[in-house]
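Working notes for the structure below.
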Amino acid sequence: MTGTPATRRRAPAMSPEERRATIIEAALPLLAEHGTQVTTSQVATAASIAEGTVFRVFRDKQDLIDQCVRQALRPEEGLAAVSAVPRDLPLEVRLRVAAHRIADRVSRIGALMHALSATGYRVERMHDERWHADRQQWIQDTTEALAELIGPEADRLRLPAERVAQVFLGVVFSSQFAGQMRGCQDNADDAHAMNELIDVFLRGVLTEETGKA
């Protein structure tokens, strides 16, 4: 006896907001690789949708690019990764994980902006009040997350945890800038340089014997 073929259920349709998020997620790596030369066909393929669907969510390709840039610069982006660092790890390991996650976000934004600028996108058009507010909010939120990460060792610190977090964030930014100036393309070299800076940050540059002198 043969049964009645099961009826295949269609997946529930995405809301416009969900569809927008899916398209942006698919588009960001392509923009970092191709800049403004990326096509909506490439984006649609990466998002597993029909090309026409892109234009049901975004006015045009320019709107898509602008919204991708906005998403990449949102304060929430990257903050969750820092907040999620396990608190039961040793302090040095916690800082290493946090530093590499922050550096990864900064690198991805840098690659995106470089690719867009190199292909004619006017990045400065995004430098409005909202851009500056988002940037300041991300720095503030990340500093607070780092202070919370460092907090369990507060009794071992020479400075308040929030001030230590501010200095540490500056160290991470400096490391990223130095890597760009060196033209470093090796992730292993970047990781080694970052770990070295964290070691100096925690222990200073003087040897134990020198410190006793």
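Ordered by packing density, taken as the mean number of other Cβ atoms within 10 Å over each peptide's residues, highest first, how do 91-104, 69-82 rank?
Working: 91-104: 19.1, 69-82: 16.2.
The densest-packed peptide leads the list: 91-104, 69-82.
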Mean separation of Cα contacts under 8 Å, 6 or more apart, over the residue count of the chain: relative contact order %
21
Among residues other than Ala27 whose Cβ falls under 14 Å from its Cβ, what is the net charge (Lys/Arg +1, Asp/Glu -1)?
-1
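Which net charge results for the neighbourhood of Val57, defined as the other residues with beta-carbon distances under 15 angstrom from its beta-carbon, given Lys and Arg at +1 and Asp and Glu at -1? Could you put the intermediate results ahead of the total?
Numbers: positive: Arg19, Arg20, Arg56, Arg59, Lys61, Arg70; negative: Glu17, Glu18, Glu25, Glu51, Asp60, Asp63, Asp66.
Taking every other residue near Val57 into account, the sum is -1.
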When the label point is put 7 Å from the Cα of Arg74 along its Cα-to-beta-carbon vector, which residues of the range 119-140 have a backbone N closer than 20 Å?
126-140
Just to confirm a number: summing +1 for Lys and Arg and -1 for Asp and Glu over residues other than Pro160 whose beta-carbon lies under 13 angstrom from that of Pro160, what do you get?
-2
Label corresponding to mean projected area of the Cα convex hull in nm² when calculated from the structure given, among (1) 19.0; (2) 15.3; (3) 13.8:
(1)
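Read-outs: derived from the displayed coordinates by stated rules, not from any lab. Values in this document were obtained by computation on a predicted structure and should not be read as measured data. Neighbour counts are summed over all protein chains in view; Cβ atoms, including those assigned to glycine, are modelled from backbone coordinates with ideal geometry.
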